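*Asks:* Right, I'll just put the structure down here and ask away after.
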């Protein structure tokens, strides 16, 4: 089998354009790779029949854009009309949406081919994809390690070179953290950059869809087609159309970079800190200034996240009640039993915990004590980031505190899934864009990510820094080590 | 928080409409207590201003023109409905209202 | 028994007259086949998001303005969380923290003059599904889900069934005349819930909420029933818990639905899917300026024009008539015009079950016919003869009169007739000259008889007086 899928998107585009290959070659190769790597458990649903059909249809069309005929994987919390969308939950095990998310419409317009829906934490609640009703995906770098989460399946299928591109969603790190663990590039765009219409909501004021790719350039290219104001999503922002790749290749000399002291404190393992310090040295060598600063309230971000995300989630997930769609408890003795048994059987423990705590947070006087106060402090976090961006071009740190841990390790601590995201959550509180880029490997040869935070709507600038570092590091990011399959 | 009682667990389970089996109540009691201890840390945050952030966006809500768009065929509506009678979605008797 | 004081507060839900729903662009239609006016947003599908209907905000603002409310210029929506099958997302998008209007009032007429009923707030929200119940299951129709509503909440300012009825009548009139809502209680586009309590002291007693009252007059019945029921309990030294009851129009009584537990726990929080909405001062003023003429203003104009109080109320009851009449303000005699509209024209429309706009009565024809009646060119008897032609034919009033061979008599012909009558009734002429005013009426009658009603009565009077006084 030819290894077309190891080539860059631009190379594939040239081959397709010159008719040297057909979309079906790519689709067949993708399914072949998926089949051979079944054990990774990246996918919940494969779209093989439809994908092959579509690839055939595309043969009659002109190759009109960079992404024409390119296979892509979609996180399973993004609604695809006619294609099962489960959110990795039993409650949506047989749910087939009757409409498309806006990003899916955009992908279809570009004639990309959806190969399947990727595994994830149930309703994107978790940090290792182990809360999936369909069992956890595995890390292509080491089968015994977690992928991270919640977009674990998307990260693993790109990392394992099963597909070149995937979509993830990020509420509190769910794109960046698994990207770090799997050694790929993951971008959570500015809140409002990409339409959320059709993304099954977890925490509406934080959720954002973003691209997960093998390298920086392709990430920027994919964001080009995802973004834009959508009349169906009132939080999507009206911005002038721009090319996110336009600064790639430019020099970074003179750029001002800040490192929050919190991001290099002892919450981060020394191994990860060492890797990060190498990056800081590199940047200084290349003419950037690097200052260590304090960002007020940043250490409260996880607490705010817990309050606001669980509160919003308790409302967002109330609609799953066995009445309109999804799993419905059979022969309930009354309405109450329909509700409580449907949700007892339909949801996993992580989801149950979060919506119970969310209900508690909003109940009676608690709304004031917890929720209102968290919204108040959230405003201050945003302001302190804004203050920092008056002086600095970027804020950087490690994406994760440690390398990916063992998939069989059991944690009895319900706070664990939040603490795994301690370095990436502040970005969602402020609504800023954040990108994770592989910055090296640990002694166990597991990738770890560099977290680049940009100012609002400055994704293009972030891609410039990221691609510069990517070029300097020249890491081999193919977990197969360049070996044949 | 000092402690979380069994009754309080059942109360939040009721608010969330989740049935708990007898053996689950204690398990969730311990777990929820841990999470509630986490969120209690908000009480220690000092010196913040009163302004609240509901959503990170800075723009106002654009308003939609009042003109009719595409609607669903009734058959499409029923595709995912677990229980229906004729044109209607069916549920167990609604007692309260 | 009568030393109890009644206290009533009222919540009204009124559906807004929009083409589409509050948060989606599916149709806001009443009476369509079940589940045919929906989209994925109305069904609460996962991943869907709300959009905000501009016209609903506009109508909400109008309602807030006619209720004399302070406007929340920087407003947002909130989620009200409760599980119920008619609530598709199991949360309702409403306004809790920043209702569009607060601190308003409505003035009602009581025996002791005007009374101010304070409006606590008016907020915009979405309606629920309609549900039909049987013994074994309930059936849901999502057509109503998401229809825009305003909820108007009063302070507990009413002290009798009569005041409550007057408030509702006034409120209905305000909303109707502001073009905010159809306010059709029978179709559910206006719904009233009342909170009723009775007490011997100024301290309020336990309140009872009465829901599902199908007409304004039944609100009065329900409150009276509650007054008696609650007083009877207190007189027996019984107490009761806060509860919700429904009005049963078969027995004309209230029936217990449920006893309220420890307050409702709606777990409100700000709706993150909808950013703030800013109502600018210009927009508010523009909306205020363009409000349709209120019922009160119309009343004053009609009374000033000399229309009787009874007829004024009849006109106000019928918005179509009022709007029609208003087209002719300052152009014609409104008394005559209103008499026609409430009398012969209404009778005609009733007889044929028609609407004014379905007839051939143009504004021009109406104006002409009223002017002819006013000048005496024709009289009401003639109008009755030609009304069918006016309503059914394209022809002008003049053409119709000609077809009926009704023409005004020439002056010479008229003088001849008057002379003849005076000659044949010398006794009456004598009586008149002796100061008997009644004699002229008799002579008028004789002349009209001779002219077969074809003479202009005003002209006849002038000529007759002229000739008598010669």
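*Asks:* To the nearest whole number, what is the average tally of beta carbon atoms from other chains within 10 Å of the beta carbons of peptide A:83-93?
*Replies:* What the average comes to for A:83-93 is 1.
*Asks:* Any chance you could give the angle, 0 to 90 degrees and rounded to 10, that helix C:363-375 forms with the longest Cα principal axis of chain C?
*Replies:* 50 degrees
*Asks:* Which percent, nearest 5, of DSSP beta bridges in the protein assembly as shown are antiparallel?
*Replies:* Approximately 80 percent, going by the DSSP bridge assignments.
*Asks:* More than 50 angstrom separation, counting every C-alpha pair in the protein assembly as shown; what % is that? The partial results should precede the final answer.
*Replies:* Working: 209801 of 552826 pairs.
For the protein assembly as shown, the fraction of Cα-Cα distances above 50 Å is 38 percent.
*Asks:* Compute the projected area of the convex hull of the Cα atoms of the range C:149-296, averaged over all viewing directions, and report it in nm² to one decimal place.
*Replies:* Reported value for the Cα convex hull: 12.4 nm².
*Asks:* Decide, for chain B, between rounded, prolate and oblate: order the square roots of the alpha carbon gyration tensor eigenvalues as a ≥ b ≥ c, take rounded if a/c falls under 1.5, and otherwise choose prolate if a/b is larger than b/c, else oblate.
*Replies:* It is oblate, given that a/c is not under 1.5 and a/b is not larger than b/c.
*Asks:* Still on this model: What order do you get for C:168, C:422 when you list them from fewest to most C-beta neighbours inside 10 Å?
*Replies:* Working: C:168 26, C:422 18.
Neighbour counts put them in this order, fewest first: C:422, C:168.
*Asks:* Taking the simple approach of a point 7 Å from Cα along Cα-to-Cβ for both residue A:239 and residue A:478, what is their distance in nm?
*Replies:* 3.3 nm
*Asks:* If one computes the Cα centroid of the range A:1-69 and of the range A:239-276, what distance in Å separates the two points?
*Replies:* Cα centroid of the range A:1-69 versus Cα centroid of the range A:239-276: 33 Å apart.
*Asks:* Describe numerically, in nm with one decimal, the distance between label points set 7 Å from Cα along Cα→Cβ at residue C:309 and at residue C:201.
*Replies:* 4.2 nm
*Asks:* What ranking, highest mean first, results for peptides A:139-145, B:13-19, C:300-306 when packing means the other Cβ atoms within 10 Å averaged over each residue?
*Replies:* B:13-19, A:139-145, C:300-306
*Asks:* Can you order the peptides C:384-396, A:163-175 by their average number of other Cβ atoms within 10 Å per residue, highest first?
*Replies:* Answer by packing, highest mean first, reads A:163-175, C:384-396.
*Asks:* Two decimals is fine: what's Rg over Rh for the range A:446-485, C-alpha atoms, Kirkwood radius as Rh?
*Replies:* When Rh is taken as the Kirkwood radius, the ratio is 1.11.
*Asks:* Order by neighbour count: C:285, A:336, fewest other Cβ atoms within 10 Å first, most last.
*Replies:* C:285, A:336
*Asks:* Further question: Based on the Cβ-Cβ distance from residue B:58 to residue A:331, what FRET efficiency comes out when R0 is 60 Å, to the nearest 0.05?
*Replies:* 0.75
*Asks:* Ranked from highest to lowest mean number of other Cβ atoms within 10 Å per residue, what is the order of the peptides A:419-428, B:46-55, C:11-20?
*Replies:* The packing order, highest mean first, is A:419-428, C:11-20, B:46-55.
*Asks:* Right, next: Would you mind ranking A:138, C:29, C:74 so that the residue whose beta carbon has the fewest other beta carbons within 10 Å leads the list?
*Replies:* C:74, C:29, A:138
*Asks:* By its C-alpha gyration tensor, with a ≥ b ≥ c as the square roots of the eigenvalues, how is the range B:1-55 shaped: rounded for a/c under 1.5, else prolate for a/b larger than b/c, else oblate? Don't skip to the end; give the middle numbers.
*Replies:* Numbers: a/c = 3.64, a/b = 2.01, b/c = 1.81.
Prolate is the answer for the range B:1-55, as a/c is 1.5 or above and a/b outweighs b/c.
*Asks:* Continuing with this model, one more query. Need one word for the range A:67-187: rounded, prolate or oblate. Basis is the Cα gyration tensor (sqrt eigenvalues a ≥ b ≥ c); a/c below 1.5 gives rounded, then a/b vs b/c decides.
*Replies:* oblate
*Asks:* When Cβ neighbours within 10 Å are restricted to other protein chains, what is their mean count per residue of peptide C:76-85?
*Replies:* Averaged over the peptide's residues, the number is 6.
*Asks:* Compute the distance from the alpha-carbon center of the range A:185-200 to that of the range C:394-431, in whole Å.
*Replies:* 88 Å
*Asks:* Can I ask one more? Using alpha-carbon positions, what is the distance between the centroids of the range B:1-67 and the range C:297-356, in Å?
*Replies:* Here the answer is 60 Å between Cα centres.
*Asks:* Do you know the relative contact order of chain A, to the nearest whole percent, from alpha carbon pairs under 8 angstrom that are 6+ apart? Intermediate values should be presented prior to the final figure.
*Replies:* Details: 1104 pairs, mean separation 84.6, N = 485.
Taking the mean separation of contacting Cα pairs over the length of chain A, I get 17 percent.
*Asks:* Based on the alpha-carbon gyration tensor of the range C:312-376, what equivalent-ellipsoid semi-axes (square roots of 5 times the eigenvalues) come out, in whole Å, largest first?
*Replies:* 18, 14, 11
*Asks:* Just need the Rg to Rh number for the range A:261-313, please, alpha carbons only, Kirkwood Rh.
*Replies:* Radius of gyration relative to Kirkwood radius: 1.14.
*Asks:* According to a simple spin-label model (label point 7 Å from Cα along Cα-to-Cβ), what is the distance in nm between residue C:253 and residue A:8?
*Replies:* For the pair residue A:8/residue C:253, the computed spacing is 8.5 nm.
*Asks:* What is the P(r) of chain C, as percent of Cα-Cα pairs per 10 Å bin from 0?
*Replies:* P(r) for chain C, in whole percents per bin: 4, 15, 21, 20, 15, 10, 8, 5, 2, 0.
*Asks:* Let me ask something else about it. Where in the range A:228-263 does the label zone of residue A:391 land, with the point 7 angstrom along Cα→C-beta and an amide N cut-off under 13 Å?
*Replies:* Residues A:256-261 fall inside that zone.
*Asks:* Would any residue of the range A:99-129 have its amide N under 18 Å from a label point 7 Å out along Cα→Cβ of residue A:349? List them or say none.
*Replies:* A:121-129
*Asks:* Moving on. Tell me, what is the FRET efficiency for residue A:281 and residue A:444 to the nearest 0.05, using R0 = 25 angstrom and their Cβ-Cβ distance as r? Intermediate values should be presented prior to the final figure.
*Replies:* Details: r = 23 Å, r/R0 = 0.92.
Rounded to the nearest 0.05, the efficiency is 0.65.
*Asks:* Next question, about the same structure. Using the beta-carbon distance between residue C:362 and residue C:179 and R0 = 25 Å, what value does 1/(1 + (r/R0)^6) give for FRET efficiency, to the nearest 0.05?
*Replies:* 0.55
*Asks:* As a test of the formula, what do you get for chain A when each DSSP H run with n ≥ 4 contributes -39,500 (n - 2.57) and the sum is divided by the residue count, at 222 nm and rounded to the nearest 500 deg cm²/dmol?
*Replies:* -10500 deg cm²/dmol
*Asks:* Taking every residue in A:185-198, how many Cβ atoms of other protein chains lie within 10 Å of its Cβ, on average?
*Replies:* Values: counts 0, 0, 0, 0, 0, 2, 3, 6, 0, 0, 1, 3, 5, 6.
Partner-chain Cβ atoms within 10 Å, mean over residues of A:185-198: 2.
*Asks:* I would also like to ask the following. Could you state the orientation-averaged shadow area of the convex hull built on the Cα atoms of the range A:13-144, in nm² to one decimal?
*Replies:* With the hull built on Cα positions only, its mean projection is 8.5 nm².
Where a number appears in this text, it was derived from the coordinates with a stated rule and is not lab data. Keep in mind the model is a prediction, meaning the values are calculated, not measured. Don't worry about glycine lacking a Cβ; one is built from the backbone with ideal geometry, like all the others, and counts go over all protein chains shown.
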